[in-house]
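The values are calculated or read from the model by the stated rules, or taken from the named source; none is laboratory data. Nothing here was measured: the structure is a model prediction, and the numbers come from that model. Neighbour counts run over all protein chains shown; Cβ positions are idealised from the backbone, glycine included.
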Amino acid sequence: MKFSNDEFRDVMISIPVMTLFYTFPEWSMNFIIYFLIIFFSFMLKQIMHKMVAKKLQCTATYKLHMPFFIFGLWLMILKPVLGLAFLVVGSIEIAPYKFGRWGIKLVKLTPYDLGVITLAGTMVNLLLAYTFLFVETDLAKTIVRINSMLVIFNMIPFPQFDGSKVFMWTIWGWLFISLLGIIPLLLI
C-alpha cells in the first residue's frame, strides 16, 4: 500500500487545491480545519482503494488530471458570479497487474472488480458523512458537507472517473450511492 512518488505528489497537490476550492472566497481560520478534514477524508479514501485493489491482486493509483484541474480552478474563481462550481482533480487508475518478486502478475478485472475497488473509497466518505450527520456541531456539519461532496463528485459518470466504473458495473448501484451522497446535504 505504498504511494509512488508521482502519486504522492498528485495527492499533495490535490488536497490544498480542494481546500482552496471549498473555502473560496471566504478564506479565514476555517482553512486549517477544512484542510485537516479533507486531508484525512481523502487519504482514508485513497488507502481504502489501495487495500481493496491489493485484495483483488491489482494496483490502484491516484492520478491528477491537469485539464480538469485547471478548468475547476477557473470555475472556482467564477464561483461568486455563477453561484456554484465543481472541481475534479483526479481519479483512481486501476491496473490489472501487480509487481511481485518474480515479475508482473496479470489479472483479469471484471466491471464488478473495478466497481468494488472504486466504491471502497467512496464508502469511506459515505461512512464519515453518516457518522457525523446527527452531531449538532459546526465541525460535524463541515465533515458531513465535505464528505458528501466528495461522494457526489466521485460519482460523476464520465470516462476515467470513479463514477463511470460504478456506472458500468451497475446503473442502479450508481444511482443509489449518488442518492446516499445527496441525502446528508439535504439533512444538515
Here is a list: Thr137, Thr142. Which entry is surrounded by fewer than 20 Cβ atoms within 10 Å (Cβ to Cβ) and free of Cβ contacts under 8 Å to residues at least 12 places away in the same chain?
Thr137
From the list Phe21, Phe35, exactly one residue is part of a helix (DSSP H, G or I), over 25 Å from Asp113 (Cβ atoms) and modelled with pLDDT under 90. Which is it?
Phe21
Would a scan of the stretch 42-54 turn up a residue that is among the polar types (S, T, N, Q) and in contact with a Leu (Cβ under 8 Å, 6 or more places away or on another chain)?
no
Residue hits (the stretch 6-20; of a type in the set (Asp, Glu) and under 14 Å from Leu150 (Cα atoms)) are none
Among the candidates Val124, Val135, single out the residue that is out of contact with any His (no Cβ under 7 Å at 6 or more places or on another chain), at pLDDT 90 or above, closer than 26 Å to Thr59 by Cα and not basic (Lys, Arg).
Val124
If I filter the stretch 145-162 down to residues being of a type in the set (A, V, I, L, M, F, W, C) and over 10 Å from the mean Cα position of the chain (by Cα), which single residue comes out as surrounded by the fewest Cβ atoms within 10 Å (Cβ to Cβ)?
Phe158
Condition met for Ile94 (over 29 Å from Arg9 (Cα atoms) and either surrounded by 15 or more Cβ atoms within 10 Å (Cβ to Cβ) or without any contact (Cβ under 8 Å) to a residue 24 or more places away in the chain (or both))
no
If Gln57 meets every condition in (1) surrounded by 15 or more Cβ atoms within 10 Å (Cβ to Cβ); (2) touching a Pro at 6+ places or on another chain (Cβ under 7 Å) apart from one, which number is that one?
(2)
Residue count for the stretch 64-87, restricted to those that are under 17 Å from Asp10 (Cα atoms), in contact with a helix residue (DSSP H, G or I) (Cβ under 6 Å, 6 or more places away or on another chain) and either modelled with pLDDT of 90 or more or surrounded by fewer than 20 Cβ atoms within 10 Å (Cβ to Cβ) (or both)
1
